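The values are calculated or read from the model by the stated rules, or taken from the named source; none is laboratory data. Note that the structure is predicted; figures quoted are calculated from it, not measured. All Cβ positions, even for glycine, are placed from backbone atoms using ideal geometry, and neighbour counts span all protein chains on display.
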Amino acid sequence: MIATNTNERLLQIAVLAFGLIAPFLFPAYIQQIALLWIMILFALTWDTMGGQMGYNSLGNIFFFGAGMYICAVVQIIVGGYDVGEYTAAFGAIKVDITDTQYFTGLFIGLAAAAVGCVFLSIILGFFFFGLRGPYFAIGTLGIALAAGELIGAWRWVGGGSGISLPLYPGSDIFPGSADEEGLFFYFLCMASAVATFLFFRWLYKTRFGLALNAIRDDEEKAEGMGIHTMRYKTVAWACSSFFLGISGGLHGNIVHFIEPLEVAFPTITFGIFMVAMSLLGGKGTLWGPILGAVLFHVIKEVTWTHLLGWQWVALGLIIIVNVVYFQQGIVGWLMERFPERFGIRVETDATAQGKGGAD
Amino acid sequence: MGNVIEVRGVSKAYGGVIANKDIDLNVADGKITGLIGPNGSGKTTLFNSIVGFHPIDGGSIRFDDQEISTMRVQQIARLGLLRTFQQTRIYGKMNCVQNMLISIPHRKHRFLDMFGHSTAADREKADSLLEFVGLYGKRMLPAGDLSFGQQKLLEFAMALMNEPKVLLLDEPTAGINPTLINGLIDRLKRANTDFGITLLVIEHNMRVIMNMADTVYCLAHGEILASGAPEAVQNDQRVIDAYLGAH
Ligand SMILES: Nc1ncnc2c1ncn2[C@@H]1O[C@H](COP(=O)(O)OP(=O)(O)OP(=O)(O)O)[C@@H](O)[C@H]1O
Ligand SMILES: [Mg+2]
């Protein structure tokens, strides 16, 4: 939806070029930039629900954590270990798996995380789509909080002490590179964020996008017009969850050690960042969440290094200024400022004539 | 010619307020039926009951010889029975064309149709219907930026886009500039004659009803007071009394 097509194409190329060059240009920041791609994925998937459909989910982080755990469990099983024994050893087991086992486990794990999260979202949607407005927000927040506690009590997956993931073996994907593992996961993160973008970009151009917006603007009207609202809502959440599941699986492997409260279900950090980033960039737009994610993440990382201790104050300030003075977000503001560039215009009778034809 | 809607003994109460009591009403296929009555007499409540917006307390509602009183809003809408709202409801942040494109008939939609693109035929139809209600020039504006009257016209066009068999219109001329009302009456009639849509119309404007309706029902205090040809109902002493205040 941003400006003209050529401008969007240029923007895409610029982002892609940055993504491909950045890890070689700034090898020390690979992990931070990988995390940026995950943040973009977060903002895009949150915006599908909160921005495009008007369902402000505060529990989308649940699928990140669920994906992380599903992926880890599959990796352990494919590695030939018993999950209960593996987790009971608290990382003391000398993990001994072949390279093939590692990569097979990882990719089956990521696929299982995606599919498993879709499945979970369908079940949750069945119960939670009856809730509207703040009730949906708080209800979904409850899911994420409860999941953290439940996993913490579940011994089979390591409970509160978490799981140490199988380590990345040596491989020759990036010969001669110092940080092969970093590059490997960096490009997976980038690929999943790009795939998320391309998928939603396509989706919003189909009837699906119109239906989501109709639900956002007036769900009762949409029902009254015969739109299959439940179907659209379920599929929308399933699509979000699919990509969130993958991001969870990847993040778990990047940090090597997962546990329920801080890493898998970080409700008050990542869970809130998702919302904040979409709002900052402009919810309900395609590029807004991306812009919001980049700004937010850069500010977060910079304040982390240079303003240690003030980081939370800085992030809090951004959120407050955004919500109080700037609710439409950056892209939303641009659309208000330059409506013609976004196709909002009145036609004079002269241009309107001769079209249509019924009257 | 048969009845496309048959309402029999329908009652609906909100807490202690009896909004509809034992209503009998027929909508003849292919015709325009009018529904009049003082404010608060239960007209909108009856619409809500027919389209499944709320469960009824008793009675039966048949559409095309099928009992619909236990069905849900979307199912009924997909059968081809649609309503517009007295307060006018459109999708405010979407532009007029988008409002129209998402109003295509959903009855034939299968799962994969969700991911389809709007067809050229859809777009043409959207444009020509917007032209039909005089909103073509405004079609790229967010619907929420239109005036109340324009939103009413848009909602009417959206309903036509849906190709309903029967359309229930809740005060279609309320808030429309008096000089435009004749044009609107003409369009409503054309929806009936050219598009073959059966209409059930709530109206306070007697001129509109007398001009359009084949049959008129008058509600007062939640009950049907009189029904029949427009002139007969208009001259019925009970109807005159009801309108002149005795309530
Ligand atoms: N949702 C509701 N909750 C409680 N009472 C309601 C509700 N809707 C309508 N009523 C009551 O039911 C009665 C009939 O209302 P209704 O809206 O059907 O009248 P109406 O004939 O459409 O009036 P108007 O011409 O003003 O639109 C009124 O007494 C009203 O107060
Ligand atoms: Mg009413």
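Below is a table of values for the structure above.
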read-out	value
Any chance B:I197 is of a type outside the set (S, T, Y), modelled with pLDDT of 90 or more, more than 16 Å from ligand 2 (Cβ to nearest atom) and in contact with a strand residue (DSSP E or B) (Cβ under 8 Å, 6 or more places away or on another chain)	yes
Residue within region B:147-158 that is within 16 Å of ligand 1 (Cβ to nearest atom) and over 17 Å from A:M225 (Cβ atoms) present	yes
Residue within region B:38-54 that is more than 16 Å from ligand 2 (Cβ to nearest atom) and without any contact (Cβ under 8 Å) to a residue 12 or more places away in the chain present	no
Boolean, B:G175 is on the phi > 0 side of the Ramachandran plot, more than 16 Å from ligand 1 (Cβ to nearest atom) and surrounded by fewer than 20 Cβ atoms within 10 Å (Cβ to Cβ)	no
First in region B:83-101 and closer than 18 Å to B:A191 by Cβ, second anywhere and hydroxyl-bearing (S, T, Y), Cβ under 8 Å, 6 or more apart	B:N99/B:Y91
Any hit, region B:62-78, residues being within 11 Å of chain A (Cβ to nearest Cβ), within 16 Å of ligand 2 (Cβ to nearest atom) and crowded, with 22+ Cβ neighbours inside 10 Å	no
Within region A:186-229, considering residues that are within 7 Å of chain B (Cβ to nearest Cβ) and touching a residue at least 24 places away in the same chain (Cβ under 8 Å), the one farthest from A:W37 (Cα to Cα)	A:D217
Some residue of region B:54-64 being more than 16 Å from ligand 1 (Cβ to nearest atom), charged (D, E, K, R) and farther than 25 Å from B:N211 by Cβ	yes
Only listed residue being within 16 Å of ligand 1 (Cβ to nearest atom) and in the same structural domain as B:V10 (by TED's automatic domain parsing), chosen from B:I209, B:I197	B:I209
Failed item in (1) in contact with a Gly (Cβ under 7 Å, 6 or more places away or on another chain); (2) among the aliphatic types (A, V, I, L, M); (3) under 25 Å from A:S241 (Cβ atoms), with A:I30 passing the rest	(3)
Filtered residues of region B:96-146 (kept if in contact with a strand residue (DSSP E or B) (Cβ under 6 Å, 6 or more places away or on another chain) and either of a type in the set (G, A, S) or under 24 Å from A:V235 (Cβ atoms) (or both))	none
Evaluation of B:Y14 against (1) buried (at least 20 other Cβ atoms within 10 Å of the Cβ); (2) within 16 Å of ligand 1 (Cβ to nearest atom); (3) aromatic (F, W, Y) (one fails), failing number	(1)
Long-range neighbours under 6 Å by Cβ, at least six apart or interchain, first residue away from chain A (no Cβ under 14 Å) and closer than 22 Å to B:G40 by Cβ within region B:199-221, second within 14 Å of ligand 2 (Cβ to nearest atom) and among the basic types (K, R)	B:I202/B:K43; B:L219/B:K43
Some residue of region B:167-181 being in contact with a Ser or Thr (Cβ under 9 Å, 6 or more places away or on another chain) and at the interface with chain A (Cβ under 9 Å from one of its Cβ atoms)	no
Exclusive hit being farther than 24 Å from A:M335 by Cα and more than 16 Å from ligand 2 (Cβ to nearest atom), set B:N99, B:N95, B:N162	B:N162
Qualifying residue in region B:115-123 (condition: hydroxyl-bearing (S, T, Y) and either more than 20 Å from the chain's Cα centre (by Cα) or away from ligand 1 (no atom under 16 Å from the Cβ) (or both))	yes
Residue under evaluation B:I90, criteria (1) within 13 Å of another protein chain (Cβ to nearest Cβ); (2) surrounded by fewer than 22 Cβ atoms within 10 Å (Cβ to Cβ), criterion not met	(2)
Search result, residues across region B:131-150 that are facing chain A (nearest Cβ under 7 Å), part of a helix (DSSP H, G or I) and over 16 Å from B:T84 (Cβ atoms)	B:E131, B:Y136, B:G137, B:K138
Residue within region B:82-94 that is over 18 Å from B:N3 (Cβ atoms), of a type in the set (F, W, Y), within 16 Å of ligand 1 (Cβ to nearest atom) and under 15 Å from the mean Cα position of the chain (by Cα) present	yes
Residue in region B:10-37 that is nearest to ligand 2 (Cβ to nearest atom), counting only those that are hydroxyl-bearing (S, T, Y) and more than 15 Å from the chain's Cα centre (by Cα)	B:Y14
Some residue of region A:291-308 being within 14 Å of chain B (Cβ to nearest Cβ) and more than 30 Å from A:F119 (Cβ to Cβ)	no
Residue count for region A:41-70, restricted to those that are of a type in the set (A, V, I, L, M, F, W, C) and over 19 Å from A:I122 (Cβ atoms)	6
